[in-house]
Amino acid sequence: MTTLSRGASALFGGLPTVFWLLFCGQLVNRFGGVVLPFLVFYLGGRGYAPTEIATVMAVYGLSGLAGQALGGYLADRFGRRITLVGGLLSTAACLTMIGLAGNLAWLVASAAALGLAGDVYRPAASALVAEMTPAEQRPKAFGLMHWAFNVGAALSGAVAGLLLAHGYWILVVLDAATSVTFAVIVAVGVPRDRPSPRRRRERIGYAGAVRDRLLLGVVALIALGLTLYTQVRIGLPLELTADGLPPSLFGLLITLNAALVVIFQPIAVAWLSRFRRLPVLGLSMALLGAGLALSGPATEPWQYVVTVALWSAGEIGMAAFEVTVIADITPDGSHGTYQAMFGWADAISRFGGPIAGAALFGVSALWAACAAGGVLCAVLAFALLPAFTRRTTSPSPPPATVVAATEEAVHRSS
């Protein structure tokens, strides 16, 4: 029992109460995240044409870019708690608008509002985790947040299919209710954190963030890694279809991926945390690229199972360290802004990944590009390491000094 307790402490101990509140909120909110996954089926059932459905989804995705930027600004300017609560309540309202929408124009407007509101809370949540968690515990914290996301997704997938048979409105109510529940958890459990006037003056806004060359390099690295990961949803189904394998196999592979993450992520992150973070991130992306590249020569279901095991291992390392390295290089008071830059990398990959994947698959170059992209990620991570090390090992200077010193350091190492 003592050994078991020590093991549980190593995997889950040392994290503040605020983190566990956000963890529970993430778990609840992701469990209820059922409207968007089934929106295409819902709109198709109502008789909307494929081009109209694509318009709704594209508007949602593009407005999410603005949502990340707005969320980062609000979190640093007015505080993480109020941004989280406001963003989550706004998300619930926008979900209700989609359920009530009676024509295409209303649907497009509702999708734009949901894309904007639905991403507002994300930079604030990541900023809270980064600020409230000791630096040495950040990989564990962000890894567990990803773990909660996967647990919630696995549960919601099983429940949503059953609920959908009784009407799409049930999904809308569930999704909106879990957003409100997350907002209540934050409002009750997270302390007020309105920044002081001095802190607001010293924070780095987007004008300063885009001059931080180390930040831009890390964001480019993450965007490339996430673009590779989008091929799980784009390239892998295309390859399975080309091999004459049924869609049900794709569902089983995605379920296997979620199971591997849920079972192994806490253990893997505890072990990986002993190593330098940026190299772990780059090598995880290389493993992701290699696992995806093997989808090309795979032809049998068991071969695809092997590839899933490989790229799932890469995903585990990415999920724990991609947000962590952003937090490590963030000046005090600017976590919302810097985490929003991470959100932009995610949004860019979601927008550009499907386009690049489909185009490269059409010329039989996708899987070679995945392998090359993984290698490039590792190379870029090691190229950024000297500047990253200087930033994270030196005493914390004033925000403006951080940006200027990083520009000079990156210039020297390039």
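Read-outs throughout are calculated quantities, based only on the coordinates presented, and are distinct from any laboratory measurement. No experiment lies behind these values; they were computed from the predicted model shown. Cβ coordinates were reconstructed from backbone atoms using ideal geometry, including for glycine residues, and neighbour counts include every protein chain displayed.
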Could you give the Stokes-Einstein D for region 202-414 in µm² per second, using the C-alpha Kirkwood radius, 37 °C, 0.692 mPa s? 183 µm²/s
Quick one: if you stick a label point 7 Å off each Cα along the C-beta vector at Ser248 and Val363, how many nm between them? 3.8 nm
Suppose R0 equals 30 Å. What FRET efficiency, 1/(1 + (r/R0)^6) with r the Cβ-Cβ distance, do Arg211 and Thr96 give to the nearest 0.05? 0.15
Across Arg350, Arg211, Arg391, the residue with the highest GNM fluctuation in the chain (Cα network, 10 Å cutoff) is Arg211
Intensity falloff of the chain expressed as log10 I(q)/I(0), Debye formula with alpha-carbon point scatterers, at q = 0.09, 0.11, 0.14 Å⁻¹: -0.55, -0.85, -1.42
By how many nm would the segment from Val379 to Trp169 lengthen if fully extended, with 0.36 nm per residue of separation less the alpha-carbon distance? 70.8 nm
Under 10 Å, Cα contacts only: if you run a Gaussian network model on the chain, which one of Pro139, Pro247, Pro266 comes out with the highest mean-square fluctuation? Pro247
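Give me the extension gain from Glu131 to Val262: residue separation times 0.36 nm, minus the current Cα-Cα distance, reported in nm with one decimal.
Length gained between Glu131 and Val262: 44.6 nm.
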Inverse mean reciprocal Cα-Cα distance (Kirkwood Rh) of region 243-336, Å: 14.6 Å
Which residue, Pro297, Pro279, Pro331, tops the fluctuation ranking in a GNM of the chain built on C-alpha contacts under 10 Å? Pro297
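Mind ordering 313-321, 254-262 by average Cβ neighbours within 10 Å, highest first?
Final packing ranking: 313-321, 254-262.
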Size of electric dipole in region 202-414: Cβ of Lys, Arg +1 and of Asp, Glu -1, about Cα centre, debye, nearest 20: 400 debye
Round to the nearest 0.05 the FRET efficiency obtained for Leu104 and Leu238 when R0 = 35 Å and r is the Cβ-Cβ distance. 0.75
Give me Met341, Met97 ranked fewest to most by other Cβ atoms within 10 Å of their Cβ, as a rough exposure proxy. Met97, Met341
Please report the relative contact order for region 15-194, taking Cα pairs under 8 Å with a sequence separation of at least 6, and give it as a percent rounded to a whole number. 44 percent
Please arrange Asp328, Asp175 by counting, for each residue, the other beta carbons lying within 10 Å of its beta carbon, fewest first. Asp328, Asp175
Round to the nearest 0.05 the FRET efficiency obtained for Ala372 and Leu162 when R0 = 41 Å and r is the Cβ-Cβ distance. 0.45
